[in-house]
Amino acid sequence: MFRISKMTDYGTLMLAELARAPHTPTSASDLATRTGIGAATVSKLLKSLARADLVTSHRGSQGGYCLARPAQDISAVSIIDAIEGPVALTACASDDAQCDLEAVCGVGSAWQQISASIRDGLDAISLDDMRRNHKLPQTIPLRPMFGARKSLSRQPAMQRDQ
């Protein structure tokens, strides 16, 4: 099963909370209180989000953290990349690919295309979409693989097969 980490889930929750008042600085302690996430975890995540230019920090008595850009310009993939690193299903699909089996592998190209399609799908979903519970597309377009254009249905496999 593919699953994002709890830290990414927490980071997304924090960004959604900051998006409620995007131009009003929120302290790390206030963010911890509002989200129910531990203060140490909030601080650690804010550092990662700031390094990825998703939040900015403001010093002083009225300081805190704000979104670095509008929620509609922050994609799900940018959040995952900031906290977990680049989305890649296999070692050969990452930017620093080093696989001992590359010379004999017949499926590496397919995994790279699948990973790219997943990245594209995550890139099409914004923080604003997630926080407002916008209806997401029922299909996610896949990059052409071996000449055919396909889409992945969001219906469970059992429903698709009936």
Could you tell me which of Pro70, Ala82, Ala19 has its Cα farthest along the dipole of the stretch 1-128 towards the positive end, charges placed at Cβ (Lys, Arg +1; Asp, Glu -1), taken about the Cα centre?
Ala19
Sort Leu46, Leu54 so the one with the fewest other Cβ atoms within 10 Å of its own Cβ comes first.
Leu46, Leu54
How big is the dipole moment of the stretch 28-81 about its Cα centre under a simple scheme where the beta carbon of each Lys and Arg is +1, that of each Asp and Glu is -1, and everything else is neutral? Debye, nearest 20, please.
180
With θ taken as phi - 60° and the coefficients 6.51, -1.76 and 1.60, list the Karplus ³J(HN,Hα) couplings across the stretch 61-67 in order, rounded to whole Hz; mark glycine and proline as x.
5, 9, x, x, 10, 9, 5
Amide proton proximity set for Arg69, modelled H, under 5 Å, gap of 5+
none
Using θ = phi - 60° and the Karplus relation 6.51 cos²θ - 1.76 cosθ + 1.60, list the HN-Hα couplings for the stretch 105-117 in order, rounded to whole Hz, with x at every Gly or Pro.
7, x, 10, x, 4, 5, 4, 4, 5, 5, 4, 5, 5
All-pairs Cα distance distribution in the stretch 1-127, expressed in whole percent, bin size 10 Å
12, 39, 26, 15, 6, 1, 0
Which one, Ala40, Leu54, Thr8, is farthest towards the positive end of the dipole of the stretch 1-76 when Lys and Arg carry +1 and Asp and Glu -1 on their Cβ?
Ala40
Give me Asp100, Asp30 sorted ascending by neighbouring Cβ count inside 10 Å, so fewest comes first.
Asp100, Asp30
Starting from the Cα-Cα distance between Asn133 and His58, subtract it from 0.36 nm times their residue separation and give me the gain in nm to one decimal.
24.1 nm
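Read-outs: derived from the displayed coordinates by stated rules, not from any lab. These figures come from a predicted structure and were not determined experimentally. Here Cβ is always computed from backbone atoms with ideal geometry, including for glycine, and neighbour counts include all displayed protein chains.
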